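Data first, discussion second: the structure below is written as structure tokens.
The values are calculated or read from the model by the stated rules, or taken from the named source; none is laboratory data. Worth saying up front: this structure is predicted, and the values here are computed from it rather than measured. Counting neighbours? That spans all protein chains shown, and the Cβs are built from the backbone with ideal geometry, glycine included.
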Amino acid sequence: MSVVRAAFLLRGINVGGHRRVPMADLRAVAGSTGLTDPRTYVASGNLVAGSPADVGAAAARLADALAERIGFDVDVVARDARAWARYAADAPFPDVDAANRVLLYLPRDPAPAGVLDALSARLGPGERAVPTVDGVWVFHADGAGRSKLTPAAIDAAFGSPTTGRNARTVAAIAGLLGVG
């Protein structure tokens with residue numbers, strides 16, 4: 001079985017003291033599912049590890065193991081290092097100084113046609129969206145917390161749970177994967 005490096009992104013954990021998942025527990029659970037050399041970046045559910053080539057199946061195993069260990073369901077979005085290299089290389093909005101207002105949103109499942117139109121309809125003043133192969137970069141002019149492009153609206157547009165990471169985190173994960 002071939003092994004690839006991949007990023008596994010947990011959605012909605014350790015936000016405001018809710019849905020706590022200690023990173024040491026995340027690494028331990030990842031190892032118990034067969035992921036190798038698990039490393040985390042900040043306490044917001046960013047895991048990089050060696051994975052079987054089918055990272056989607058590995059993400060599903062990780063989600064199941066986490067639910068058993070921590071007692072609640074967590075959506076896990078996974079992408080291999082090749083995909084992550086594209087995100088880092090194609091990051092738009094070079095004119096934007098505040099990397100925390102530029103987010104990459106990735107769905108758990110493949111995106112349907114027309115997702116950019118659905119998202120664009122919810123963009124507020126000054127906000128911009130640029131599609132990737134399987135996600136979308138969004139510049140939130142006033143910050144994501146004030147945007148009409150809410151997590152529920154993003155999920156609805158993609159038709160599956162999504163998770164977002166700011167440009168700094170995307171770059172840091174690329175570095176951990178050795179592609180940035």
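So the check is Cβ under 6 Å with 6+ separation or different chains; which pairs have a first residue in segment 128-143 that's over 17 Å from Pro161 (Cα atoms) and a second one that's part of a loop (DSSP other than H, G, I, E, B) and of a type in the set (A, V, I, L, M, F, W, C)?
Phe139/Phe93; Phe139/Val96
Of all the residues that make up segment 83-108, how many are under 19 Å from Pro38 (Cβ atoms) and among the charged types (D, E, K, R)?
Within segment 83-108, residues that are under 19 Å from Pro38 (Cβ atoms) and among the charged types (D, E, K, R) number 0.
Name, by its number, the condition in (1) out of contact with any Leu (no Cβ under 7 Å at 6 or more places or on another chain); (2) at pLDDT below 90 that does not hold for Ala144.
All conditions pass for Ala144, except number (1).
Are any of the residues in segment 54-73 within 18 Å of Thr163 (Cα to Cα), assigned to a strand (DSSP E or B) and not charged (D, E, K, R)?
The answer is no, given that none of the residues of segment 54-73 is within 18 Å of Thr163 (Cα to Cα), assigned to a strand (DSSP E or B) and not charged (D, E, K, R).
Please list, ordered by first then second residue, the pairs with beta carbon atoms under 7 Å, 6 or more apart or interchain, first in segment 85-112 and closer than 21 Å to Asp155 by Cβ and not assigned by TED's automatic domain parsing to the domain that holds Asp54, second assigned to a loop (DSSP other than H, G, I, E, B) and aromatic (Phe, Trp, Tyr).
Qualifying pairs under 7 Å: Val102/Phe93.
What is the residue count in segment 58-108 for residues that are aromatic (Phe, Trp, Tyr) and on the phi > 0 side of the Ramachandran plot?
Residues flagged as aromatic (Phe, Trp, Tyr) and on the phi > 0 side of the Ramachandran plot within segment 58-108 amount to 1.
Run down Ala85, Ala78, Ala6, Ala91 and say which single residue is among the small types (Gly, Ala, Ser), within 21 Å of Gly180 (Cβ to Cβ), surrounded by fewer than 17 Cβ atoms within 10 Å (Cβ to Cβ) and within 15 Å of the chain's Cα centre (by Cα). Before the answer, list the steps.
Values: Ala78 fails: surrounded by fewer than 17 Cβ atoms within 10 Å (Cβ to Cβ); Ala6 fails: surrounded by fewer than 17 Cβ atoms within 10 Å (Cβ to Cβ); Ala91 fails: surrounded by fewer than 17 Cβ atoms within 10 Å (Cβ to Cβ).
Answer to the selection: Ala85.
Would segment 105-114 turn up any residue that is in contact with a Lys or Arg (Cβ under 9 Å, 6 or more places away or on another chain) and either exposed (fewer than 15 other Cβ atoms within 10 Å of the Cβ) or assigned to a strand (DSSP E or B) (or both)? Before the answer, list the steps.
First pass over segment 105-114, keeping only residues in contact with a Lys or Arg (Cβ under 9 Å, 6 or more places away or on another chain): 105-106, 108.
Filter again for either exposed (fewer than 15 other Cβ atoms within 10 Å of the Cβ) or assigned to a strand (DSSP E or B) (or both), leaving 105-106.
There is at least one residue in segment 105-114 that is in contact with a Lys or Arg (Cβ under 9 Å, 6 or more places away or on another chain) and either exposed (fewer than 15 other Cβ atoms within 10 Å of the Cβ) or assigned to a strand (DSSP E or B) (or both).
Those residues that are of a type in the set (Gly, Ala, Ser) and touching a Ser or Thr at 6+ places or on another chain (Cβ under 7 Å), I need them from segment 113-148; list them, please. Walk me through it before giving the result.
Initial filter on segment 113-148 (of a type in the set (Gly, Ala, Ser)): 113-114, 118, 120-121, 124, 126, 129, 135, 141, 143-145, 147.
Correct list: Gly124, Ala129.
In segment 21-53, which residues are free of Cβ contacts under 8 Å to residues at least 24 places away in the same chain, of a type outside the set (A, V, I, L, M, F, W, C) and either assigned to a helix (DSSP H, G or I) or farther than 24 Å from Gly175 by Cβ (or both)?
Arg27, Gly31
Being within 19 Å of Val76 (Cα to Cα) and either part of a helix (DSSP H, G or I) or modelled with pLDDT under 90 (or both), is that true of even one residue in segment 119-137?
yes
Within segment 138-180, which residues are in a loop (DSSP other than H, G, I, E, B) and in contact with a strand residue (DSSP E or B) (Cβ under 9 Å, 6 or more places away or on another chain)? Before you say what the answer is, go through the steps one by one.
Our first condition is that a residue be in a loop (DSSP other than H, G, I, E, B); within segment 138-180, this holds for 140-143, 147-150, 159-161, 178-180.
Within segment 138-180, His140, Ala141, Ser147, Leu149, Gly159, Ser160, Pro161, Gly178, Val179 qualify.
From Leu26, Leu66, Leu62, Leu47, which residue is touching a Gly at 6+ places or on another chain (Cβ under 9 Å) and surrounded by 13 or more Cβ atoms within 10 Å (Cβ to Cβ)?
Working: Leu66 fails: touching a Gly at 6+ places or on another chain (Cβ under 9 Å); Leu62 fails: touching a Gly at 6+ places or on another chain (Cβ under 9 Å); Leu47 fails: touching a Gly at 6+ places or on another chain (Cβ under 9 Å).
When all the criteria are applied, what remains is Leu26.
What number of residues in segment 132-159 are within 15 Å of the chain's Cα centre (by Cα), surrounded by fewer than 15 Cβ atoms within 10 Å (Cβ to Cβ) and of a type outside the set (A, V, I, L, M, F, W, C)?
Residues flagged as within 15 Å of the chain's Cα centre (by Cα), surrounded by fewer than 15 Cβ atoms within 10 Å (Cβ to Cβ) and of a type outside the set (A, V, I, L, M, F, W, C) within segment 132-159 amount to 0.
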